[in-house]
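Data first, discussion second: the structure below is written as structure tokens.
The values are calculated or read from the model by the stated rules, or taken from the named source; none is laboratory data. Since this is a predicted model, take the numbers as computed values, not measurements. Here the Cβ positions follow ideal geometry from the backbone for every residue, glycine too, while neighbour counts run over all protein chains shown.
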2 protein chains.
Amino acid sequence: MTTYAAPLQDMRFVLEEIAGLPQLARLPGLEEATADTVEAVLGEAGRLAGEVLAPLNRGGDIESSIYENGVVRTPTGFAAAYGQFVAGGWNAVAVEAEAGGQGLPQAVATATMEMWNAANMSFALCPMLNGGALEIMLQYGSPEQKARYLGKMVTGEWTGTMNLTEPQAGSDLGALKTRAIRENGHYRIQGQKIYITYGEHDMVDNIIHMVLARTPDAPAGSKGISLFIVPKFMVNDDGSLGRRNDLRCVSIEHKLGIKASPTCVLAFGDNGGAIGYLVGEENRGLEYMFSMMNVERLGVGIQGLGLADRALQQAISYAKERRQSRAIDSKDLKPVSIIEHPDVRRNLGTMRALVEAGRALAYTVGAAIDRQSRVADAAQRSEAQAIVEVMTPVVKSWLSDMACQVASINVQVHGGMGFIEETGAAQLYRDARILPIYEGTNGIQALDLVMRKLLRDSGQAFGQVERWLNHMVVQVEECADPVVAALAPRLTEGLNRAHQAGQWLLRNTRHTPARAAAVATPFLNLLGVVAGGCLMGAAAAAAARRLAAGAGDAAFNKQKIKTTRFYVDNIMPYAEAEARRTLEGAESALDLTPGDF
Amino acid sequence: MTTYAAPLQDMRFVLEEIAGLPQLARLPGLEEATADTVEAVLGEAGRLAGEVLAPLNRGGDIESSIYENGVVRTPTGFAAAYGQFVAGGWNAVAVEAEAGGQGLPQAVATATMEMWNAANMSFALCPMLNGGALEIMLQYGSPEQKARYLGKMVTGEWTGTMNLTEPQAGSDLGALKTRAIRENGHYRIQGQKIYITYGEHDMVDNIIHMVLARTPDAPAGSKGISLFIVPKFMVNDDGSLGRRNDLRCVSIEHKLGIKASPTCVLAFGDNGGAIGYLVGEENRGLEYMFSMMNVERLGVGIQGLGLADRALQQAISYAKERRQSRAIDSKDLKPVSIIEHPDVRRNLGTMRALVEAGRALAYTVGAAIDRQSRVADAAQRSEAQAIVEVMTPVVKSWLSDMACQVASINVQVHGGMGFIEETGAAQLYRDARILPIYEGTNGIQALDLVMRKLLRDSGQAFGQVERWLNHMVVQVEECADPVVAALAPRLTEGLNRAHQAGQWLLRNTRHTPARAAAVATPFLNLLGVVAGGCLMGAAAAAAARRLAAGAGDAAFNKQKIKTTRFYVDNIMPYAEAEARRTLEGAESALDLTPGDF
């Protein structure tokens, strides 16, 4: 099964009932986001994803991007599909209308991003990276820079890249060495960058590289890094392309997955220095870069969500089609579809519960990004900020780990066929594995959560998140449907465990960062499981309300309640495990010293 | 890091202290297994694995086995390495001396198998499958058949294969269609088999296929399947090779991993029928095949163990070598080896705890296979049988899932480099993914555990396993080292949860098999986590005894205790989660009907 159908029904349900789309549409600048417009936008996006991008996914993996003499050739069909993507205006869904975007909420953009990534993650990486680059340009570019570059980055006629990593500077960007020498009105950039996604390709005429580099007199470490615009081709005043800049792609990586997406090694300044233009002020490059970190990290979570949903769809399709063995509680020896076997259904249930919880979480954090800058009420704005700050590392890590898990279950549901590349299940399994690594490894996310989001403000923001989650549990408790209401105690128990773990960290690790670091990952897992449960609880309560009111699709609403119950019975138990690991795991982890290995 | 050093110290420790090697060496037929002999055997095996097989692993993946016109070419170096393997007599470590084997215990063979698979899983599959075929021949072959085929299968000059699967008959072998027509003194075999590991290759002169097929008048389903010997080349009375039999390899699969191991589609009888010889009696083929199922399934668990240990070694090596970021509790900005970072050490600790628990479990079940047929005392024999029956599906599933998890953590420890094929971490991740699938998917294993091993005898064998595990917890409780003794309550708690879950299944699912099937997987996981913990507890108690007696390597003994503590604090908490999922997960899993997807 290589088809993909965007789960529009669940997307709209989550946007309306959980992410609060009707409220978002009342915020300044988001007035376009009416239910009708959003429905039309999602429908169109679903068509592009399903009909154009998804069919290229398997071929892209087989063919992969090819490097030859500095040129990168993307797989057959990618350039044409990208042309359609640009023509449809899909490149800047959440960019404000004045800048040429669609001016829709981030929450809606998360849904379209989910579709691009479900359909073809390798393809979707190109607009995703461009989105980061143009966001920096929007926020920090000079009027002259915006005039020169922004328009075509918003349409996607040119694509942007992020040049951060160097061989010795991965998680620790402070160690980077690329140099930027001042020269009348611009800089000369020299150095090598690695892991540059779509750093070179053949889908557009020009590529605008955002490059971190160090001026000669810059302070050491992360405080001495500046950000530069380094175009592949110089751009003349009239917007036409000038001469080629002094940078080239020297190779692309041979990777486990996302093979259609070229991961480039770029050499800047082999012939005297690439011309670069400073963004904002010197030495503030990391600050600019990190200002869009939340959106980028949310983006990786959404990639995981999309890929996991594709895996779920594939598994369901195979499980319905493949016949093997009699039904366990029947005397009839005739083989049945394997979806009849309870263990297979447990696998599908696990996949669906995780995907739906992940969707609720990602869209809600997307909506909080919308709210944090637009809501008038200070308390609401503060809550939205707390959700964004605390939950972004959770979305990035928990959803990326989830994608790997769900992709693995998909392989398993396929049995022997899952291990054969032809089915595509193996590709999803390979593609997913990058997600816990890039945009800050999941270990770094966990440290960010504990060090910066929990300990730094003494648990203030975390407390707001707890209250936000508790509102959802209250909806479950007060639900008129007894099946839904019965789920509340388990959710409360999970929330209590998260609270306990947070308090333990606040009490016991503020002056012993190594101890906090040793249990940061289980704490993040705990928060992911619990938040997913609370959001699913809120979804079940909403579905019960719709059912009682006769609103919406009754079958869908009943399935939402069943899936939530599955989550509470089969996923929530891990909250207890992760809580124990947080509370009791630090000493024995630190006790294993480097010398013990 | 593409090197591999067999963990001889832990292997010997586990064999001696946990698997009871000194007791095994007193059993009839195993007298060769003195400490000195075993040490020499393991040392030699370690050299072959480290120096010959491991260096071929990466190249084998890149080159892969190649199919051309019915011929399969294994990667460069494989045939020569196989020659060394045969010359060293490694093919039949646990085969009795009279039959030409080394006559060593299965427990010792598990250790050598661990090495072959750690070094090069694709290579190791060839002797593994041959081992299954020759075991069937040993048990059920006629004297004439043994005289003709067995000798060269024992040495490995010829290799055996297992031909079970057909496109419509995977987990359900009863559905197979390959036909066997009687003809004076032999049968004519016609049909297609898939997923035949090393079904065709260039490392030996002849291949002896063990083929399941159906005679024309056989009963339907699994009771009508017979087993046939179908040689690639006919074997003359003088042992020389005769004409080519009517079977051919029509293609090999393009797989996610184990690419050096050819996975063949074999066509039998395109030109009138391949000549086959009945093994034993007609219609008893599945029975013969299943008689060696325990050894084969243990084998897959050992593959997982070996691959996981290789991943652990690679992760440790990379974590010591790669420098990135300052130490979290230091003001010194100098980047440190990432093994200094607590979250990385948690990852390494998780890997090591799982690998060492897995080793203890696999070797112990290997030893139980030795004991079940050789111990004089009926109660001990019964205990050994119970361990083999109940724990074999656990070894297969838990260790194969563990291998996937550990290989994934290895990728993660490598960061961006982990996603690049060049490091080899990605290969281990790909290779591991077959393990939960073949020799009965892990879902099938869980059903086997619950239906056949727990419910069928009303929990008798399971009770014996509980008592066996409890003996280990008693050793922990009574340990003079307070650090070790303090681990006992958590182990007891886990054992209690396993007991509870088993009793719940016995009480609530005997007449509702669908309900049992719905929670079989969490129950298997629970038993794996708990058994691993109890065995690690016994290992820690033994290490403490050695420390107190000044015996062995003090650093090793201390590390064993630390690793056990890590297991108890960081892995055992999942027992609680899996217990809850067993006790509470069935209804909501079954409630999601096929129509809900």
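Evaluation of A:Val474 against the conditions (1) outside the structural domain of A:Met572 (by TED's automatic domain parsing); (2) of a type in the set (A, V, I, L, M, F, W, C); (3) surrounded by fewer than 23 Cβ atoms within 10 Å (Cβ to Cβ) shows that the sole unmet condition is (1). Restricting attention to the range A:502-518, the residues that are hydrophobic (A, V, I, L, M, F, W, C) and within 8 Å of another protein chain (Cβ to nearest Cβ) total 3. Checking each residue in the range A:273-293 for being within 22 Å of the chain's Cα centre (by Cα), of a type outside the set (A, V, I, L, M) and farther than 21 Å from A:Gln168 by Cβ picks out A:Glu287, A:Tyr288, A:Ser291.
Of all the listed residues (B:Ala520, B:Ala485, B:Ala498), the sole one being more than 28 Å from B:Leu307 (Cβ to Cβ), modelled with pLDDT of 95 or more and not assigned by TED's automatic domain parsing to the domain that holds B:Val355 is B:Ala485.
Go through the range B:226-267 and count every residue that is of a type outside the set (Gly, Ala, Ser) and more than 14 Å from every other protein chain (Cβ to nearest Cβ). Break it down into steps so the answer makes sense when it comes.
Here is the first cut: in the range B:226-267, the residues of a type outside the set (Gly, Ala, Ser) are B:227-238, B:241, B:243-250, B:252-256, B:258-259, B:262-266.
Applying the additional criterion that residues be more than 14 Å from every other protein chain (Cβ to nearest Cβ) yields B:227-238, B:241, B:243-250, B:266.
So the count comes out to 22.
With the structure loaded, tell me whether A:Ala308 is under 25 Å from A:Ala118 (Cβ atoms), assigned by TED's automatic domain parsing to the domain that holds A:Lys396, within 19 Å of the chain's Cα centre (by Cα) and small (Gly, Ala, Ser) or whether it fails that test. Considered against the rule, which asks whether it is under 25 Å from A:Ala118 (Cβ atoms), assigned by TED's automatic domain parsing to the domain that holds A:Lys396, within 19 Å of the chain's Cα centre (by Cα) and small (Gly, Ala, Ser), A:Ala308 comes out as yes. Can you tell me which residue among B:Val406, B:Val411 is part of a helix (DSSP H, G or I), free of Cβ contacts under 8 Å to residues at least 24 places away in the same chain, in the same structural domain as B:Arg323 (by TED's automatic domain parsing) and closer than 22 Å to B:Ile571 by Cα? Answer to the selection: B:Val411. Looking across the range B:548-563, the residues that are touching a Leu at 6+ places or on another chain (Cβ under 9 Å) and at the interface with chain A (Cβ under 9 Å from one of its Cβ atoms) come down to B:Lys558, B:Gln559, B:Lys562, B:Thr563.
Hey, any hits in the range B:425-443 for a residue that's over 20 Å from the mean Cα position of the chain (by Cα) and either not β-branched (Val, Ile, Thr) or not assigned by TED's automatic domain parsing to the domain that holds B:Pro55 (or both)?
So in the range B:425-443, the residues over 20 Å from the mean Cα position of the chain (by Cα) come out as B:425-426.
Subset that is either not β-branched (Val, Ile, Thr) or not assigned by TED's automatic domain parsing to the domain that holds B:Pro55 (or both): B:425-426.
Looking through the range B:425-443, at least one residue is over 20 Å from the mean Cα position of the chain (by Cα) and either not β-branched (Val, Ile, Thr) or not assigned by TED's automatic domain parsing to the domain that holds B:Pro55 (or both).
Results for (1) part of a loop (DSSP other than H, G, I, E, B); (2) more than 21 Å from the chain's Cα centre (by Cα); (3) on the phi > 0 side of the Ramachandran plot, shown as yes or no for each residue.
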site	(1), (2), (3)
A:Thr2	yes, yes, no
A:Leu15	no, no, no
A:Gln23	no, yes, no
A:Gly29	yes, yes, yes
A:Val41	no, no, no
A:Gly59	no, yes, no
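Has the range A:356-379 got any residue that is within 30 Å of B:Asp448 (Cβ to Cβ) and not polar (S, T, N, Q)? No, the range A:356-379 has no match at all.
Of all residues in the range A:383-399, those that are closer than 19 Å to A:Ala575 by Cβ have Cβ atoms under 8 Å from Cβ atoms of residues that are surrounded by fewer than 24 Cβ atoms within 10 Å (Cβ to Cβ) and of a type in the set (Asp, Glu), 6 or more apart or on another chain, in A:Pro393/A:Asp448. Only residues that are within 18 Å of A:Asp431 (Cβ to Cβ) and small (Gly, Ala, Ser) were counted in the range B:404-452, giving 8. Residue under question is A:Met417, and the condition is that it be within 9 Å of another protein chain (Cβ to nearest Cβ) and either touching a Ser or Thr at 6+ places or on another chain (Cβ under 9 Å) or of a type in the set (A, V, I, L, M, F, W, C) (or both); does it hold? Taking the combined requirement at face value, the residue satisfies it. Screening A:Thr593 against (1) within 7 Å of chain B (Cβ to nearest Cβ); (2) out of contact with any helix residue (DSSP H, G or I) (no Cβ under 7 Å at 6 or more places or on another chain) leaves a single unmet condition, (1).
Do the conditions hold for A:Asp270, that is, is it surrounded by fewer than 21 Cβ atoms within 10 Å (Cβ to Cβ) and within 23 Å of the chain's Cα centre (by Cα)?
Details: surrounded by fewer than 21 Cβ atoms within 10 Å (Cβ to Cβ): yes; within 23 Å of the chain's Cα centre (by Cα): no.
So A:Asp270 does not fit the description; no.
When A:Met351 is tested against (1) farther than 19 Å from A:Thr161 by Cα; (2) in contact with an Asp or Glu (Cβ under 6 Å, 6 or more places away or on another chain); (3) outside any loop (DSSP other than H, G, I, E, B), only condition (2) is not met. Would the range B:173-187 turn up any residue that is away from every other protein chain (no Cβ under 14 Å), in contact with a helix residue (DSSP H, G or I) (Cβ under 7 Å, 6 or more places away or on another chain), under 22 Å from B:Phe290 (Cβ atoms) and not aromatic (Phe, Trp, Tyr)? Looking through the range B:173-187, none of the residues is away from every other protein chain (no Cβ under 14 Å), in contact with a helix residue (DSSP H, G or I) (Cβ under 7 Å, 6 or more places away or on another chain), under 22 Å from B:Phe290 (Cβ atoms) and not aromatic (Phe, Trp, Tyr).
Yes/no per residue for (1) in a loop (DSSP other than H, G, I, E, B); (2) within 8 Å of another protein chain (Cβ to nearest Cβ); (3) at positive phi:
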| site | (1), (2), (3) |
| --- | --- |
| B:Gln427 | no, no, no |
| B:Leu435 | yes, no, no |
| B:Glu439 | yes, no, yes |
| B:Gly443 | no, yes, no |
| B:Ala446 | no, yes, no |
| B:Leu449 | no, no, no |
| B:Leu454 | no, no, no |
| B:Gly463 | no, no, no |
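Scanning the range B:390-425 for residues that are crowded, with 24+ Cβ neighbours inside 10 Å and charged (D, E, K, R) yields one hit, B:Lys396.
Which of the residues spanning the range A:13-59 are among the basic types (Lys, Arg) and over 30 Å from A:Ala426 (Cα atoms)? Listed by number, the list holds a single entry, A:Arg26. Is one or more of the residues making up the range A:64-78 assigned to a helix (DSSP H, G or I), more than 24 Å from A:Thr364 (Cβ to Cβ) and of a type in the set (Gly, Ala, Ser)? There is no residue in the range A:64-78 that is assigned to a helix (DSSP H, G or I), more than 24 Å from A:Thr364 (Cβ to Cβ) and of a type in the set (Gly, Ala, Ser). Got at least one residue in the range A:519-528 being in contact (Cβ under 8 Å) with a residue 12 or more places away in the chain, more than 7 Å from chain B (Cβ to nearest Cβ), more than 17 Å from A:Val395 (Cβ to Cβ) and out of contact with any strand residue (DSSP E or B) (no Cβ under 9 Å at 6 or more places or on another chain)? Within the range A:519-528, one or more residues are in contact (Cβ under 8 Å) with a residue 12 or more places away in the chain, more than 7 Å from chain B (Cβ to nearest Cβ), more than 17 Å from A:Val395 (Cβ to Cβ) and out of contact with any strand residue (DSSP E or B) (no Cβ under 9 Å at 6 or more places or on another chain).
Quick one: which of B:Phe556, B:Phe597, B:Phe566 is within 30 Å of A:Ala518 (Cβ to Cβ) and surrounded by 18 or more Cβ atoms within 10 Å (Cβ to Cβ)?
Numbers: B:Phe556 fails: surrounded by 18 or more Cβ atoms within 10 Å (Cβ to Cβ); B:Phe597 fails: within 30 Å of A:Ala518 (Cβ to Cβ).
Selected residue: B:Phe566, the only one of B:Phe556, B:Phe597, B:Phe566 that is within 30 Å of A:Ala518 (Cβ to Cβ) and surrounded by 18 or more Cβ atoms within 10 Å (Cβ to Cβ).
Here the condition is being of a type in the set (Asp, Glu), under 16 Å from the mean Cα position of the chain (by Cα) and not assigned by TED's automatic domain parsing to the domain that holds B:Ala107; of B:Glu321, B:Glu253, B:Glu296, it holds for B:Glu296 alone. All conditions but one from (1) buried (at least 24 other Cβ atoms within 10 Å of the Cβ); (2) of a type in the set (Ser, Thr, Tyr); (3) touching a Lys or Arg at 6+ places or on another chain (Cβ under 8 Å) apply to B:Thr165; the one that does not is (1). When the residues of the range B:144-162 are filtered to those that are among the small types (Gly, Ala, Ser) and over 27 Å from B:Tyr438 (Cβ atoms), which remaining residue is surrounded by the fewest Cβ atoms within 10 Å (Cβ to Cβ)? This residue is B:Ala147.
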